[in-house]
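Single-structure report; data block below.
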Amino acid sequence: MQQSDSAYHYLNQATITNNIYTKRSAYQVLYNLAKEEKNYEKALEYGDQYRFYADSIHRADRSSTLIEMQEKYNQEKILNEKNQLQIEKERTLRTALLLCLFLLFIIAILIFVYQRKLIRKERTIQRNEEQIRIYTFKIHENESLISRNESHLRELTQEMEQSQEIQELFQEQQQAIREIQSQNDLLHQENQQLQENISQYSASLQEKSKELKTLKTLSEKNRYLKEREKFLCRQLVKKTQVLNELKTSPRYLDVVRWEEVKETIDWLYEDFTKRISKEIETLTETDMQICCLVKLRLGIPEMAVLLGISPTSVSKRKLRLKERIIQKVGYNFNQEQTLDLWIWEY
């Protein structure tokens, strides 16, 4: 439009801003305008201003690019660290499970070897030595039974505290405790009589001390291995996430989680659900859930949360389940025995 004065005015107005992009463009046009009018002094001044703001924009753009690259790098680094930690955690869990399985396998082999050794000894020793062996094994078997009964007494006592509102279940547990205490008293008396019999037989046996010491050592090892096996099973339950969550953070057991729990229990307790289903075909899926939760030694409050019912309903279901089991396998289910004891030993 050939209106240089107006152009200078508006372009100079455009430089009064905080936007460096606008300033750069304004000084560039002013430089070209002054150059066309051969006002080289002004052109030089505008050119310096143009280059100053152009350099500032270039540095700002480069800094922004570097910041974006650094942020992407930090995000990738954090993601890689999380993945590495997850891999390490999974590797540690697999190693622990494999180690526990290896220990269980070794224990099973040791138990088998010790049992074979005991059988061979029974075929070679004389009558009195054989009688001492029988008495000795009986004593340690009774001691193991006493130890197991004491453990059951503690667990049943805890169950009684949780089931006082169900009179039938409470009375049943009281009766079971009395039966276990009575059985322990009889076992103590029997052990005392066996010790006296061993003393009578040992008087006529010159090799008794060595033989009896060996038998006692083997029996102690056998009992230790059984206790160790139970301990390792409990540790596997803690290390197995799906079972450990049932105790540490119980929540409603949906179909998907139930199948996972059932498969894990079968793996840990030698096809527990398959064996009991085969023996008692009338068990429903709800009955099987009760059996599995009892096998894991869960209390009534935890079972109520997992099944989504009240503690009273859990106790009633246990009573009905016991009646159903007695009808099917009454030959090996003592009427005075509780459902928990029968499932723990199954």
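The values are calculated or read from the model by the stated rules, or taken from the named source; none is laboratory data. Just so it is clear, the model here is predicted, and its values are computed rather than measured. Quick reminder, even Gly has a Cβ in these numbers, built from the backbone with ideal geometry, and neighbours come from all protein chains shown. Each accessible area value is taken on the protein alone, full model and side chains, heavy atoms only, with ligands, DNA and RNA left out. Shrake-Rupley method; radii C 1.70, N 1.55, O 1.52, S 1.80 Å.
Quick notes on this one:
- Virtual spin-label span in nm between Asp48 and Thr22, 7 Å along Cα→Cβ: 2.5
- Ranking Ala43, Ser56, Asn83 by how far each Cα lies toward the positive end of the dipole of the range 1-122 (charges on Cβ) leaves Asn83 at the top.
- FRET efficiency for the pair Leu98 and Arg120, taken as 1/(1 + (r/R0)^6) with r the Cβ-Cβ distance and R0 = 22 Å, rounds to 0.10.
- Per-residue 3J(HN,Hα) values for the range 81-94, derived from phi via the Karplus relation 6.51 cos²θ - 1.76 cosθ + 1.60 with θ = phi - 60°, read 5, 5, 4, 5, 5, 5, 5, 4, 5, 5, 5, 5, 5, 5 Hz in sequence order (x marks Gly and Pro).
- Where Trp344, Trp267 fall by accessible area, highest first, once all protein chains stay in place (1.4 Å): Trp267, Trp344
- Between Glu227 and Val329, the simple spin-label model (points 7 angstrom out along Cα→Cβ) gives 2.7 nm.
- Between Leu268 and Glu71, the modelled labels are 4.7 nm apart [label points 7 Å from Cα along Cα→Cβ].
- The fraction of all Cα pairs in the range 223-339 landing in successive 5 Å bins from 0 to the largest distance is 2, 10, 20, 22, 20, 16, 8, 1, given as whole percents.
- Using the Karplus relation 6.51 cos²θ - 1.76 cosθ + 1.60 with θ = phi - 60°, the per-residue 3J(HN,Hα) values for the range 302-311 come to 5, 4, 4, 5, 5, 8, x, 10, 7, x Hz, with x marking Gly and Pro.
- Within the range 59-106, trypsin sites (Lys or Arg not before Pro) in DSSP loop having at most 11 other beta-carbon neighbours inside 10 Å: none
- Calculated FRET value between Arg62 and Thr15, using beta carbons and R₀ = 22 Å, to 0.05: 0.40
- For Ser313, solvent-accessible area (1.4 Å; no DNA, RNA or ligand), Å²: 50
- 26 Å Cα-Cα threshold exceeded, pairs from Lys77/Lys247; Lys77/Lys239; Lys278/Lys318: Lys77/Lys247; Lys77/Lys239
- Accessible surface of the range 262-346, 1.4 Å probe, proportion on carbon and sulfur as whole %: 46
- Counting only protein heavy atoms and using a 1.4 Å probe, the accessible area of Val29 comes to about 70 Å².
- Couplings 3J(HN,Hα) of the range 99-104, computed from phi: 5, 5, 5, 5, 5, 4 Hz, in residue order, whole Hz [Karplus 6.51 cos²θ - 1.76 cosθ + 1.60, θ = phi - 60°; x for Gly and Pro].
- Among the trypsin sites (Lys or Arg not before Pro) within the range 243-315, those in coil by DSSP and having at most 16 neighbouring Cβ atoms inside 10 Å are Arg251, Arg297.
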